[in-house]
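Engineer: Quick one: the structure is below, questions incoming.
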Amino acid sequence: MGNRRRLYSSPEDADDCSPFFGRTFAPMNIRPPWFRSIILGCLGIVGSLPVAAAPAEIRTPPPPATPRINGPTVFGVRPNSPFFYTIPVTGERPIAYAVDNLPAGLSLDSSTGRISGRMTKAGEYPVVFRASNRLGQAEKKFRIVVGEKIALTPPLGWNSWNSWAGSVDQDKVLRSARALVSCGLANHGWTYVNIDDTWQGERGGKHFAILGNEKFPDMKKLCDDIHALGLKAGIYSSPWVTTYAGFRGGSSDDAQGNWPKVEGYDKYQANHRLGKYTFEKNDAAQWAEWGFDYLKYDWNPNDIPHTKAMAEALRATGRDIVFSLSNAAPFEDIAELSKYANAWRTTGDIVDAWAPPTAEWWQASVTEIGFNQDRWVPHGRPGHWNDPDMLVVGWVGWGPNLHPTHLTPAQQYSHISLWAMLAAPLLIGCDLERLDEFTLNLLTNDEVIAINQDALGHSARRVATMGSIDVFRKQLEGGSVALGFFNRGDSTQTIPARIELIGVGAAPHVRDVWRQKDLAPTGGKLEVTVPGHDVMLYRITPAAK
C-alpha cells in the first residue's frame, strides 16, 4: 500500500506534455529511495533541503476593500425549479448589488446579492453582476443555464462528518452555517452546509419518510435558517437497511418500513445491505419539502438500479437537489452511474495523513487518494464530478474530540491545490468556529477557487514526472492553463520548465496563484523550485494580441 501506484492511465497521458521539459519519462509504479536518488542525479535536480517544522506561511494577500466578485461564471437550474443563488463578493460593507439583463421570473435583493425565483424556459441567459461600495465597483459576466444539468461547477461547502461525526446535532449545524458567513467564507463562494449520518429517527409524517431524531427536532426550520443566511442545505442517507453509523436507512425487509434497530457495530453491520422494499420517493419528497439542496447517498458498492431510482425520485420533487454518491463508485460502472449522479466518491474515507500507513485499514492518506485519480479524469465534466473525499484541514477528529490536522502547512497547500486542479467538490470538514488565520487564508484564495470552479469543468491530467515532482495540467476557459508542480519527496527540488511548449503560444503571462503575484517575463522558460511535500501553482495565460 505504501508503494507508488501507476502514474498514468495510458501512455498517451504520460506523453501529453513531456516535451514541456525536453525529456520523456516513463511511468513508474514503484520508486524506492535508492532509485529516486539515481534519477535525481541523472536529471541534475538541485535538492538537499529536508522537510523541517516551520511557521505556517500565509501566502495569499488579503482581498482588497474595493468590491471583488468571486465564484463561478456559470450556474445551472432546471426549468420551473426554485432558483437560489447568492453573488459572492468580498470588500468593505455595505455593498450594493445589481444585475444587468436579469431574466424574467427572477428577482434580486440588492442589499444581500441573493437572486431567487423560477425560470420556465430552457436556454442560456448571459447577465452581468455588479457590486459597489464607497470605495469602488466591480462587474463580472455570468451565465444562467436553464436545462436538465445542475451542479455545472463542483459544489463548495462544508460537511459535518470529519469534525462532528456522530455527535452532530441541529445546533452544531446551524452554528457552522453562521460561522461560514461570519468568517467570510461565503463571500468566496462556499455555499453548502451538509449534515452527514446520525440525524435519522422514525419513519412517518405525510410522506412516510425518515424524520429527524431528537438531535434534529425541526429540519424545516434548520433549512429555512440556512437559506436565510444565503446558503444551501444538504442531508445524508443510504439505500441500505442500516447506515454505516447504525441509523435508519432507505430500505427495509418490511413493506411498512419497520427497522430492526441494533446496538453495536459488530451486530448492526449485518444490515449494511439492501432491503426488499425501498422508500426513495418517500424520502426525496420529504427532503424537498424541508428545503434540502444536496444529498449524500452512502453505501458500497454503489449500484446502478438504486442510483437511478434515487435520481428519478429527486427529479420528481421539482427541487434541484445535488446528488452525490458515496463510498465508493465501482470504476467499471462509472460511465453509467455518472449519467444519474452529480458527483461520486472515487475512494474510501480520507484521513489527515500525508502518506500511509494510516491508523485504520479503511482510511486513505492525501497522497494515496490525490495522486491516484488518473483513470477517473475522463469521466469528470460539468454536472458530473469525481469526488476524492472531503478536505482534512483545520480542526478535525470525527467528534467530539478534535485536533489540529496532522498535515503540515506545505501538505495542506498541496492538498487544496490538487483537489482544485482535479475539479473535485470542495467540502470543508473542520470545525468552522475554530478557524485559525492560516486555515482561513488557505480556504479563501479566490484564484485557486477559480481554477476549481472553471466553467470548462476539466480535471487536471498528470503530464510529467521529474524525480519526486509530479506535474499536473488543467485546461481553463478562455485558453489559459493551470500548472501544478507537486513535490512528493522530502527535499526541496528545482526543475526547468519550458512554458512555451504547453499550448498557450509564445511569451505567455505567468502568475503564481497562491501568492497572487505576476512573474517577470520568462522568455518561455521557468525554473520551478518546490520544497518537500509542497506545491507551486501557476496560471498561464496567452499573451495579449
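Engineer: Which percentage, to the nearest 5, of the DSSP beta bridges contained in segment 201-352 is antiparallel?
Structural biologist: 35
Engineer: Net charge around ASP534, counting only other residues with Cβ within less than 14 Å of its Cβ (Lys, Arg = +1; Asp, Glu = -1)?
Structural biologist: Once all neighbours under 14 Å are counted, the net charge is -1.
Engineer: Would you kindly calculate the translational diffusion coefficient of the chain, applying Stokes-Einstein with the Kirkwood radius from alpha carbon pairs, for 10 °C and a viscosity of 1.306 mPa s, and quote it in µm² s⁻¹ without decimals?
Structural biologist: Answer, rounded: 66 µm²/s.
Engineer: Between segment 133-150 and segment 413-466, what's the alpha-carbon centroid distance in Å?
Structural biologist: 21
Engineer: Kindly express, to the nearest 10 degrees and within the range 0 to 90, the angle between helix 409-421's C-alpha long axis and the longest C-alpha principal axis of the chain.
Structural biologist: Orientation of helix 409-421: about 70 degrees from the principal axis.
Engineer: Give me the number: length gained by fully extending HIS403 to ASN213, i.e. 0.36 nm times residue separation minus the C-alpha to C-alpha distance, one decimal in nm.
Structural biologist: Working it through step by step, the gained length comes to 65.6 nm.
Engineer: For the pair GLU336/ASP518, report the inter-label distance in nm, with labels modelled 7 Å from Cα in the Cβ direction.
Structural biologist: According to this spin-label approximation, the distance is 5.3 nm.
Engineer: With a Cα-only, solvent-free Debye model of segment 68-146, what are the log10 I(q)/I(0) values at q = 0.11, 0.13, 0.17, 0.19 Å⁻¹?
Structural biologist: Those come out to -0.26, -0.37, -0.61, -0.75, one per q.
Engineer: What is the dipole size for the chain, taken about its Cα centre, with +1 at each Lys and Arg Cβ and -1 at each Asp and Glu Cβ, in debye to the nearest 20?
Structural biologist: In debye, rounded to 20, the chain gives about 1100.
Engineer: Between segment 320-387 and segment 211-232, how many Å separate their Cα centres?
Structural biologist: Using only Cα atoms to place each centre, the spacing works out to 28 Å.
Engineer: ³J(HN,Hα) across segment 227-242 via Karplus (A = 6.51, B = -1.76, C = 1.60, θ = phi - 60°), whole Hz, x for Gly/Pro?
Structural biologist: Running phi through 6.51 cos²θ - 1.76 cosθ + 1.60 with θ = phi - 60° gives 5, 5, 8, x, 10, 10, 10, x, 9, 10, 7, 8, x, 5, 5, 10 Hz.
Engineer: Something else now. Whole-Hz ³J(HN,Hα) for each residue in segment 73-83, computed from phi via Karplus 6.51 cos²θ - 1.76 cosθ + 1.60 with θ = phi - 60°, x for glycine and proline: what do you get?
Structural biologist: 10, 8, 9, x, 8, 8, x, 6, 7, x, 9
Engineer: Based only on Cα atoms, what Rg/Rh ratio does segment 352-508 have, Rh being taken as Kirkwood's radius?
Structural biologist: Ratio value, two decimals: 0.97.
Engineer: Each residue of segment 181-196 in order: what ³J(HN,Hα) in whole Hz does its phi give by Karplus 6.51 cos²θ - 1.76 cosθ + 1.60, θ = phi - 60°, with x for Gly and Pro?
Structural biologist: Karplus-based 3J(HN,Hα) across segment 181-196 equals 7, 5, 7, x, 4, 4, 6, 9, x, 5, 10, 8, 10, 10, 7, 9 Hz.
Engineer: Please list, by residue number, everything in segment 63-106 whose backbone N is under 12 Å from a paramagnetic label point 7 Å out along Cα→Cβ of GLU437.
Structural biologist: none
Engineer: Antiparallel DSSP bridges in the chain: what percent, to the nearest 5?
Structural biologist: For the chain, the DSSP antiparallel bridge percentage is about 70.
Engineer: So what's the angle, to the nearest 10 degrees on a 0 to 90 scale, between helix 280-290 and the longest Cα principal axis of the chain?
Structural biologist: 80
Engineer: Also: Which length gain, in nm to one decimal place, applies between GLU124 and ALA56 when the Cα-Cα distance is subtracted from 0.36 nm times their residue separation?
Structural biologist: 20.1 nm
Engineer: Sticking with this one: Just the number, please: percent antiparallel of the DSSP beta bridges in segment 68-146, rounded to the nearest 5.
Structural biologist: 85
Engineer: Fully extended, how many nm does the chain gain between ASP171 and ARG273 (0.36 nm per residue separation, minus their Cα-Cα distance)?
Structural biologist: Net length gain for the segment: 33.6 nm.
All of the numbers you see were taken from the coordinates with simple rules; none came from a lab. Nothing here was measured: the structure is a model prediction, and the numbers come from that model. So basically every Cβ, Gly included, is an ideal-geometry build from the backbone, and we count neighbours across all protein chains shown.
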